[in-house]
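In what follows, a single structure is set out as structure tokens and then discussed.
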Amino acid sequence: MTHAITADDLRKVFRGRREVRALDGVSFAVEEATVFGLLGPNGAGKTTAVRILTTILRPDSGTARVLGHDVVHEPSVVRTLIGLAGQYAAVDEHLTGRENLTMVGRLNHLGRTVVRDRVAALLDEFGLTDAADRPLKTYSGGMRRRLDLAAALVARPSVLFLDEPTTGLDPQSRNDLWEVIETLVDNGTTVLLTTQYLEEADRLAKMLAVVDQGRVIAEGTPAKLKADLGATVLEVGLHDHGDADRTMAALAALGPHSPTREGSLVEVTVDDGPRAAMTALRALDSEGITPIHFTLREPSLDDVFLALTGRRAGGGAGQDGTEAGTGTEAGAGTGAGAGTEAGTGTEAGTGTGSEGSGQGASALGAGTGGRP
């Protein structure tokens, strides 16, 4: 097995008004031509890990390699091999779609003819040809995200980093982007994906790592993580919070897994579904509780996430209640274009969080770009 990305004991602490340990010994490896998913609540350290792997940020300790090249000692080489689409579309709304992609190609030092042909191909692939010469301010959110991903692919990167790429997209746009990612992997691209959409991770990722408070707390295939949780989930919907509290107490004796509650919905993982369901019904009946619905289902990644982190995906704030202040992750610059580590942006923003809520770089590169 050949690994395209390796992270070994990465550590990063942000110091300001208060100290935030963004990464506390994160390690994982990503197999070539696969999708690897990083899951975690806000502030878990996902974006910090991506920023280190894409040479935007230096770790305090630990090592990371992309296609065998050290991200600290060989950053210029790494930038020629990777593409990055950050959490926010790093495109200029005053330029047209075609002009944005052309600019990225020129920043990656690609020849004019190569840029022209590559831009035309990407506009067609992402269904943006008809809108190519319109200013971005006329684009929908889904169109902007597709253009941002296209920008990350201009230099034909061997490794693509996607930091929550479908956040804010409607279901159809999200599904379209998933199909693009699957095609890229089929053609040999390695993708590291951070996401809070469990359906996205379940569909795309061959392997997952769950990150919380700067540490990897679980790793495996989606199927394995769900299997490790337990055989079945019992889901009980109640009329009000009072019934939900009483149901929590009644179901606590079903097995080793503690019930969880969200509003008036109570869930508990059980090892023997049918038998546990009968026992639960008897317990509820003896307490005079009549549920609105009563369901046995297979565990989902959302159940895994909740069991591991105590939160549902998409919930919770950063480690200090903020994500990263107001600074930018990497500005609009390229990794090596101006000879700076992070383009025109700042490394950690002005806040005290660890993740970075600013605009990410849509394409990193230097020299002649990635694959020919």
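The values are calculated or read from the model by the stated rules, or taken from the named source; none is laboratory data. As the structure is a prediction and not an experimental result, all values here were calculated from the model. Note that we place each Cβ from the backbone using ideal geometry, even for glycine, and neighbour counts take in every protein chain shown. Note: areas computed on protein heavy atoms with side chains; ligands, DNA, RNA excluded. Shrake-Rupley method; radii C 1.70, N 1.55, O 1.52, S 1.80 Å.
Annotation: average projected area of the range 140-222 is 5.8 square nanometres, based on the convex hull of Cα atoms across all directions.
Here the Karplus curve 6.51 cos²θ - 1.76 cosθ + 1.60, taken at θ = phi - 60°, turns the phi angles of the range 24-40 into couplings of 10, x, 7, 9, 6, 9, 10, 6, 4, 6, 9, 9, 10, x, 9, 9, x Hz, with x standing for Gly and Pro. Its Cα gyration tensor gives the range 221-294 an equivalent ellipsoid. The semi-axes, each the square root of 5 times an eigenvalue, are 22, 13, 10 Å from largest down. Sorting the segments 20-32, 133-145 by their residues' average number of neighbouring beta-carbon atoms within 10 angstrom, most packed first, yields 20-32, 133-145.
Accessible surface for the range 57-201, divided over its residues, is 41 Å² per residue with a 1.4 Å probe.
Over all distinct Cα-Cα pairs of the range 24-142, the Kirkwood formula returns a hydrodynamic radius of 16.7 Å.
Please report the relative contact order for the range 182-231, taking Cα pairs under 8 Å with a sequence separation of at least 6, and give it as a percent rounded to a whole number. Spell out each step's value before the answer.
On the way: 31 pairs, mean separation 11.3, N = 50.
In percent, rounded to a whole number, it is 23.
Extension gain for the segment Thr63 to Glu219, taken as residue separation times 0.36 nm less the Cα-Cα distance, is 54.2 nm to one decimal.
Straightening the chain between Arg246 and Ser76 buys 55.2 nm, computed as 0.36 nm per residue apart minus the Cα-Cα spacing. Grab the beta carbon distance between Leu296 and Met1, set R0 = 35 Å, and tell me the FRET efficiency rounded to 0.05. For Leu296 and Met1, the calculated efficiency is 0.40. Among the DSSP beta bridges whose two residues both lie in the range 124-222, what percent are antiparallel, rounded to the nearest 5? In the range 124-222, approximately 50 percent of DSSP beta bridges are antiparallel ones. Spin-label model, Lys137/Asp92: points 7 Å from Cα along the beta carbon direction are separated by 1.4 nm.
Of the whole protein surface, Ile292 contributes about 100 Å² of accessible area at a 1.4 Å probe radius.
Here the peptides 251-257, 95-101, 262-268 are ranked by packing, the mean other Cβ count within 10 Å, and the order with the highest first is 95-101, 262-268, 251-257. Per-residue packing, averaged as other Cβ atoms within 10 Å, sorts the ranges 41-53, 197-209 into the order 41-53, 197-209, beginning with the highest. The Kirkwood radius of the range 1-48, taken over pairs of alpha-carbon atoms, gives through the Stokes-Einstein law at 20 °C and 1.002 mPa s a diffusion coefficient of 175 µm² s⁻¹.
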